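Since the structure comes first, as structure tokens, the remarks are kept for the end.
Bear in mind these aren't lab numbers, they're just calculated from the coordinates by the rules spelled out. Only a predicted model underlies this, so the values are computations on that prediction, with no experimental measurement involved. Heads up, the Cβs are rebuilt from the backbone with ideal geometry, glycines too, and the neighbour counts pull from every protein chain shown.
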Amino acid sequence: MFPIKDTVQSRSFPIVNWLLIGLNAVMFTAELSADARGQGQALIEEFGVVPARFLHYCDAYEVGTLITSMFLHGGWFHLFSNMWALYIFGDNVEDRMGPVKYLIFYLLCGLAAGITHIVFNRYSTMPSVGASGAIAGVLGAYLLLFPSARIIALIPIFIYPLFVEIPAVFYLVFWFVSQLLNGTLEIVQTAYGPEARAQGGVAWWAHVGGFVAGMALVWPFAVPKRKLRKRYADEYYPW
């Protein structure tokens, strides 16, 4: 189930959301350049979050990786899937918060996601990168801000593309539950030894932590709906 667009129209141009997408794209270009010189993996290990290293040193540099890791990605699909989700959901959340508050909110959700990942993967020596934890916070905020929104999603059935319109609540709750279940399953599978989780792949608990943080932080950052300017039917927004 791949989201194509939502039905909520933004009232303002999402400048911070586009800047975040652009910055992630620029950083990925830098990763490709480093990879061409044989330094790509070293860059990921240097600026990604490594739980075991973080807990061992816990200095200013390691704290900084909680930020730098948000703007690095493990491949084209990783980048595209994250930026597409940010494109669909982020503009509306920024619209309700304003650009400055939205940026702070985004970074706080990313920090919460990184810390949650460290707590649940404290023995891991694998670097974790990606914007998905911060974006999970955006999804959590969207769930509370736009409960009546609908998502147009693509469901591929063999080679036939099926487009369906589903409630955003269903899509986002389903997504969150899937992250929670996968994270729990990972814990169960590694019950024979915590060191086994050092070989983990997807940062399920970062997604869970970011989503919960987004739901917890949304109201201090969002402008109440009753204070928004009335929008008229003939207003046009090209973005």
Relative to the first principal axis of the alpha-carbon coordinates of the chain, what is the inclination of helix 132-145, with its axis defined by its Cα atoms, in degrees from 0 to 90 and to the nearest 10? 30
How many nm separate the modelled label positions at Ser178 and Ile104, each set 7 Å beyond the Cα in the direction of the Cβ? 3.4
Under the helix-only model (-39500 (n - 2.57) for each DSSP H run of 4 or more, divided by the residues of the chain), the mean residue ellipticity at 222 nm, to 500 deg cm²/dmol, is -20000 deg cm²/dmol
Tell me, what is the FRET efficiency for Ile67 and Ile155 to the nearest 0.05, using R0 = 30 angstrom and their Cβ-Cβ distance as r? 0.25
Counted neighbours (other Cβ, 10 Å), sorted fewest up, put Leu181, Leu111 in the order Leu181, Leu111
Suppose each label sits 7 Å from its Cα in the direction of the beta carbon; what would the Thr125-Phe80 distance come out to in nanometres? 3.4
Burial ranking of peptide ranges 204-214, 166-176 (average Cβ count within 10 Å, highest at the top): 204-214, 166-176
For the range 2-203, what does the relative contact order come out to in percent, with C-alpha contacts under 8 Å and a separation of six or more? 28
Which of the three applies to the range 1-50, rounded, prolate or oblate, going by the alpha-carbon gyration tensor with a ≥ b ≥ c and a/c under 1.5 meaning rounded? prolate
Dipole magnitude of the range 2-203 about its Cα centre, charges +1 at Lys/Arg Cβ and -1 at Asp/Glu Cβ only, in debye to the nearest 20? 320
Return the distance in nm (one decimal) between the two label points of a simple spin-label model at Ile166 and Ala52, each offset 7 Å from Cα along Cα→Cβ. 3.8
How much length, in nm to one decimal, is gained on full extension between Arg11 and Leu144, taken as 0.36 nm per residue of separation minus their Cα-Cα distance? 46.1 nm
Whole-number D in µm² s⁻¹ for the chain, Kirkwood Cα-pair radius fed into Stokes-Einstein, 20 °C, 1.002 mPa s: 114
Given Ala134, Thr116, Val63, which one lies farthest toward the positive end of the charge dipole of the range 12-142, if we put +1 on the Cβ of every Lys and Arg and -1 on the Cβ of every Asp and Glu? Thr116
Return the long-range amide H neighbours of Ser128 (sequence gap of 5 or more, or a different chain), with a cut-off of under 5 Å between placed amide H atoms. Val49, Val50
Rounded tilt (10° steps) of 76-97 against the dominant C-alpha axis of the chain: 50
Mind checking the angle between helix 168-189 and the chain's longest principal axis? C-alpha axes, 0 to 90 degrees, to the nearest 10. 10
What does the highest-first list of 93-105, 20-32, 128-140 look like by mean Cβ count within 10 Å? 128-140, 93-105, 20-32
Other-chain or far-sequence residues with amide H under 5 Å of Ile151's (modelled H): Ile166, Ala168
From the square roots a ≥ b ≥ c of the eigenvalues of the alpha-carbon gyration tensor of the range 38-103, which class results: rounded (a/c under 1.5), prolate (a/b over b/c), or oblate? oblate
